[in-house]
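Okay, structure first, notes after.
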């Protein structure tokens, strides 16, 4: 029985990974769009964004991740980094809101995997997809920010990428 459970888990993991991999471009686009909000900000630091990624990696709760962002927004009332152009709010929206990228893509992933494995619990599947997609989103957000803040043309490239992607949608 344990072998059968392990095989079922492996099948689920593979199906979930395949479905998520097909949607990575959407996650990369969303992360670039959010990072572009920081273009004129001079207060956000790489470690602040990396700390957000660390929180996401250390918990199974997306509410804990959103709570961390809200905490940073409250703390930054003086330096305004997390409040700049609605940066923090946009991260929360992308993760929590049903119109956000993570929510929309997780519903698509769950539907695709459910079609392949009908016996799976849709609620648990959607939650697992949301967590993995949120972690990917924050990872790409970190990468975009690092690139933009460390290179001469970084912010221009991010902005150009966002404009090009918006034109294709």
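What follows draws every value from the coordinates through simple rules; no lab data is involved. Keep in mind that this is a model prediction, so the values were computed, not measured. All Cβ positions, glycine included, derive from the backbone under ideal geometry; neighbour counts span all protein chains shown.
Computed quantities for the displayed model
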{"item": "Positions within region 53-63 being surrounded by fewer than 13 Cβ atoms within 10 Å (Cβ to Cβ) and in a helix (DSSP H, G or I), in sequence order", "result": "57, 58, 63"}
{"item": "Members of region 19-52 that are closer than 13 Å to residue 134 by Cα and part of a loop (DSSP other than H, G, I, E, B)", "result": "23"}
{"item": "Residue in region 80-88 that is out of contact with any helix residue (DSSP H, G or I) (no Cβ under 9 Å at 6 or more places or on another chain) and either in a loop (DSSP other than H, G, I, E, B) or more than 23 Å from residue 29 (Cβ to Cβ) (or both) present", "result": "yes"}
{"item": "Single unsatisfied condition, residue 113 versus (1) in a helix (DSSP H, G or I); (2) more than 28 Å from residue 153 (Cα to Cα); (3) within 17 Å of the chain's Cα centre (by Cα)", "result": "(3)"}
{"item": "Cross-chain or 6+ apart pairs with Cβ under 8 Å, region 134-147 first and without any contact (Cβ under 8 Å) to a residue 40 or more places away in the chain, then buried (at least 16 other Cβ atoms within 10 Å of the Cβ) and part of a helix (DSSP H, G or I)", "result": "147/154; 147/158"}
{"item": "Filter result (part of a helix (DSSP H, G or I), farther than 20 Å from residue 24 by Cβ and without any contact (Cβ under 8 Å) to a residue 12 or more places away in the chain) within region 94-106", "result": "none"}
{"item": "Region 107-121, residues that are surrounded by 13 or more Cβ atoms within 10 Å (Cβ to Cβ) and without any contact (Cβ under 8 Å) to a residue 40 or more places away in the chain", "result": "107, 110, 111, 114"}
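Let's see how each residue does on (1) surrounded by fewer than 18 Cβ atoms within 10 Å (Cβ to Cβ); (2) over 12 Å from residue 141 (Cβ atoms):
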site: 13; (1), (2): yes, yes
site: 19; (1), (2): no, yes
site: 24; (1), (2): yes, yes
site: 28; (1), (2): no, no
site: 31; (1), (2): no, no
site: 45; (1), (2): yes, yes
site: 75; (1), (2): yes, yes
site: 82; (1), (2): no, yes
site: 89; (1), (2): yes, yes
